[in-house]
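K.L.:
Just dropping this structure here.
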Amino acid sequence: MSGELSVLRQEFYRCLPRRADALFELTDAVLCAEGPVRSVAELSLVGEHRRGHGSGYAALARGSVDADRLRTALASVSLPRAADGRLVLAVDVTCWLRPEAHTCSQRILCHTYGRGKDQHIMVPGWPYSVVVALETGRGSWTAPLDVVRLAPGDNAASVTARQIRGVVGRLIAAGHWSSGDPDILLVADAGYDGPRLAHVLGDLPITVLVRMRSDRVLHRPVRPQPPAMPRTRGRPRRHGGEFVFGDPDTWGEPDVLTETTTRLYGPALIRAWDRLHPRLTHRIAWAGHDGALPIIEGTVIRLQVERLPSGAIPKPMWLWHSGTSLTPAEVDLAWQAFLRCFDIEDTFRMLKQTLGWTTPKLRSPQAADRWTWLLITAYTQLRLARDHTADLRRPWEKPQAAQRLTPARVRRGFRNLPPQLACPARVPKSSRPGPGRPAGQPNHQPAPRHDVHTITSPNAQKLKRGNKTKPNNPRPRPVLSSSIRSPGLVTSTRIRSKPAAVMVQSMTGTNLFVVARSRRRTAARRRSWLLRM
């Protein structure tokens, strides 16, 4: 495995066309730093980082990452498999929130979950769609394979379909799937349209498994009808009886019924109904579909457990499987594989809280993409090195076997591996810092401010005819002027010495300052006005 890790590091260095040495050492500094990453500049204090404290942000701003080649490298390493030998992929969206970064472009309103009920709000940020390969067992490791940032105007369903198609193509090219192997299983949460994904990806060796809301209504297939009589009008029925998730009277007898005893949840009762399909309409995702809408049949699985570890009342979970005529063993494998899709949340937590994914205050979304790819590669190096690192546990932590180490505990011992691994980064050359901006000279070119978009609209807010276009960002605060500017230069100046000062700009370019009133005079007039009432 250490040889595979060295090969990945060599290929990762080749995926950096510009600022390769600085970006590579920045990734090693993330892996070898003590504790969570709090600042990009502080990574220069790590021994593996041999450059200045400003090289990190400079490399992220002016460097480049060959994302396509790096995706191929990530798909070429060894990947985990399920109990039956198939690959299990999970897809989800995580957000890099930037609520106050008004100078950052391509921000999108991201849905965030609040602590209490009905506390969910939309916060501006950069959403990223991540695809990982899931493992089995009691660990929370995943194998990241691809990450794509959703830009304004992108459709999340279309982006996910293209992303999965590219991942499956690279996996087949790398030899992870060949003819005769079980289909690749894709699991996703309720935010994804499972029947739509199954229809779009129907030409790939992939099976879709998604969770459905508990208020959905599906339909059974149409029963065989006798031949139509002559001169009979009307088209034949396309949908059978309703299957209402919230109405047990419409369920009927399940086609598969199993029961499994679990350690944390007690007895788990699983029921499955075969050949159920949703009733599609020419709206939203199917608005541009030509011809008759397809009938996408699948298997609905209902999972009911006895208890929850938190003590809350357990609710049933509904799953939709794109396969039909499933056996009891395949049904059990399906719901057990879906429960592993929440491991991707542990990966997001590791990237954000330990590796510092959302720590840098980057202005450019392209720089954010480069930093994201660096951390995805760093996480993959931790996964490949977990069998070769020592368990440097804290005194209050329990000993763990090498196969049970968490990503954070593997990171503690990773700094002992680089002497044994390939380090293609070159030694930095000695140089003097540039002159920089002259002292006392302010910045006359403020950064442009950008509006916040929704994920379905490429442009900013579109108002009705006759309304004034208003940006959804507040205007920049006026800059304090220390001296009178040259004539003809219109500047915005705020007076701090007078609390109620008003700035008036003359048409000739000379700044005129008019002090309105002092606080005492204003307070006296307010008191006199109150006495007249």
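Bear in mind these aren't lab numbers, they're just calculated from the coordinates by the rules spelled out. All values derive from a computational prediction rather than experimental measurement. We place every Cβ from the backbone using ideal geometry, glycine too, and count neighbours over all the protein chains shown.
K.L.:
Looking at the square roots a ≥ b ≥ c of the eigenvalues of the Cα gyration tensor of region 72-134, which shape do they give, rounded for a/c under 1.5, prolate if a/b is larger than b/c, or oblate? Spell out each step's value before the answer.
P.N.:
Details: a/c = 5.14, a/b = 1.85, b/c = 2.78.
Because a/c hits 1.5 or more and a/b fails to exceed b/c, region 72-134 counts as oblate.
K.L.:
Okay, next question. Using a basic spin-label model with each label point 7 Å from the Cα along Cα→Cβ, how many nm lie between residue 34 and residue 156?
P.N.:
Distance between the two pseudo-spin positions: 4.1 nm.
K.L.:
While we're looking at this one, here's another question. Label points 7 Å out from Cα along the Cβ direction at residue 342 and residue 269: separation in nm?
P.N.:
2.1 nm
K.L.:
To make sure I understand, if each residue's beta carbon is the centre and we count other beta carbons within 10 Å, what order do 411, 14, 196 fall in, fewest to most? Walk me through the numbers before you get to the answer.
P.N.:
Working: 411 28, 14 13, 196 21.
Arranged by neighbour count, lowest to highest, 411, 14, 196 become 14, 196, 411.
K.L.:
Below 20 Å, Cα to Cα, which aspartates and glutamates can residue 429 reach? Residues fewer than 8 away in the same chain don't count.
P.N.:
Straight-line reach from residue 429, under 20 Å: 21, 25, 28, 48.
K.L.:
Going by C-beta contacts inside 10 Å, put 281, 112, 94 in order with the fewest on the left. Before the final figure, lay out the partial values.
P.N.:
On the way: 281 9, 112 14, 94 21.
Fewest-to-most Cβ neighbours within 10 Å comes out as 281, 112, 94.
K.L.:
For residue 366 and residue 295, what does the FRET efficiency come to when R0 = 30 Å and r is the distance between their Cβ atoms, rounded to the nearest 0.05? If you can, show how the numbers build up before the last one.
P.N.:
On the way: r = 43 Å, r/R0 = 1.44.
So the FRET efficiency works out to roughly 0.10.
K.L.:
Separate question: Find how much the distance from residue 215 to residue 178 grows on full extension, using 0.36 nm per residue of separation minus their present alpha carbon separation; answer in nm with one decimal. Can you show the working numbers first?
P.N.:
Numbers: separation 37, 0.36 × 37 = 13.32 nm, distance 3.88 nm.
Gain in length upon complete extension: 9.4 nm.
K.L.:
I need the peptides 211-218, 300-307 ranked by packing, meaning the mean over residues of other C-beta atoms within 10 angstrom, with the highest value on top.
P.N.:
On the way: 211-218: 15.5, 300-307: 18.6.
Ranking the peptides 211-218, 300-307 by packing returns 300-307, 211-218.
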